[in-house]
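What follows is a short report on a single structure.
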Amino acid sequence: MTTTAIIGLGNMGKGLAKRLAGKADLVLSSRNLDTVRSFAATLPAGVTVLDIDAAIDAAEIVVLALPYDAAKEVAAHPALAGKIVVDISNPVKPDFSGLAIGHTTSAAEELQAAAPAAKLVKAYNTVFASVFDLPATQTAKVPVFLAGNDEAAVAEVEKLVAASGFAVEKTGGLDAARLIEPLGMLNIRFGYGLGRGTAIAPTWQTL
Ligand SMILES: NC(=O)c1ccc[n+]([C@@H]2O[C@H](COP(=O)([O-])OP(=O)(O)OC[C@H]3O[C@@H](n4cnc5c(N)ncnc54)[C@H](OP(=O)(O)O)[C@@H]3O)[C@@H](O)[C@H]2O)c1
């Protein structure tokens, strides 16, 4: 089974870990391992807790469940070479008024530049963390928008998304993150700015 490491156990990392525990060979890590161990103890057995270096070494897929700036730091880790790296970030400005980067680049492409030998895949950025706590039956048709240049890596992340209880909407190469990240920002605007709450997610309809 493909070993997946989640680096960062905040709202998103925990949500994804809860969905994947028992369904994937899962390694959890963050900068404070005591809190990671406490959280792992709440999950079904079989989840491994390792420091960030060891987690990256152990995994074929590394999910950076970190704020964009922290993800960029971790992306520079040389051991990520050859690994599938999943970027879930929305590079929002500190005051949440908009995205800090976009149009001619994206967080995913900047992380790819920081980790040139890794296989970057954009995923999950349009899914609010609280959505992971809903029953999987309720999210089976909620799309996770994927973008990546390496088709085999995207196919592996598709399997991970399915295991986590979501549908997949493939958007093409990594430059599509320039479009998916503003979609994540629109979701934030709907959820918080326009008061619709976080039990929402964008979907694409064929009419
Ligand atoms: N929340 C959402 O609904 C949502 C939805 C879609 C996408 N996203 C994206 O998902 C990512 C994570 O969001 P989140 O809501 O889970 O954030 P969060 O709850 O603030 O958790 C962030 C995690 O990153 C760790 N971290 C922060 N700075 C770090 C650093 N310099 N080095 C190592 N670890 C560091 C934190 O560790 P400590 O616990 O030690 O502070 C924490 O585990 C973000 O990029 C966000 O844009 C979030």
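Key figures for this structure:
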{"item": "Dipole in debye (nearest 20) - the chain, about Cα centre, beta carbon charges: Lys, Arg +1; Asp, Glu -1", "result": "640 debye"}
{"item": "Chain lengthening between I101 and L183 when straightened (0.36 nm per residue, less Cα-Cα)", "result": "28.2 nm"}
{"item": "Amide hydrogen neighbours beyond the local backbone of V63, cut-off 5 Å, H modeled", "result": "A5, I6, I7, V86"}
{"item": "Cα shape, the chain, gyration tensor, a/c 1.5 rule", "result": "rounded"}
{"item": "Footprinting exposure proxy for T203, T198 (fewest neighbouring C-beta atoms within 10 Å first)", "result": "T203, T198"}
{"item": "Note, ³J(HN,Hα) from phi for the range 133-149, Karplus 6.51, -1.76, 1.60, rounded to Hz, x at Gly and Pro", "result": "7, 6, x, 4, 4, 7, 10, 4, 9, 7, x, 9, 7, 10, 9, x, 8"}
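Taken together, the values in this text are just the output of simple stated rules run on the coordinates, not laboratory data. Predicted model only: the values in this text are computed from it and were never measured. All Cβ positions, glycine included, derive from the backbone under ideal geometry; neighbour counts span all protein chains shown.
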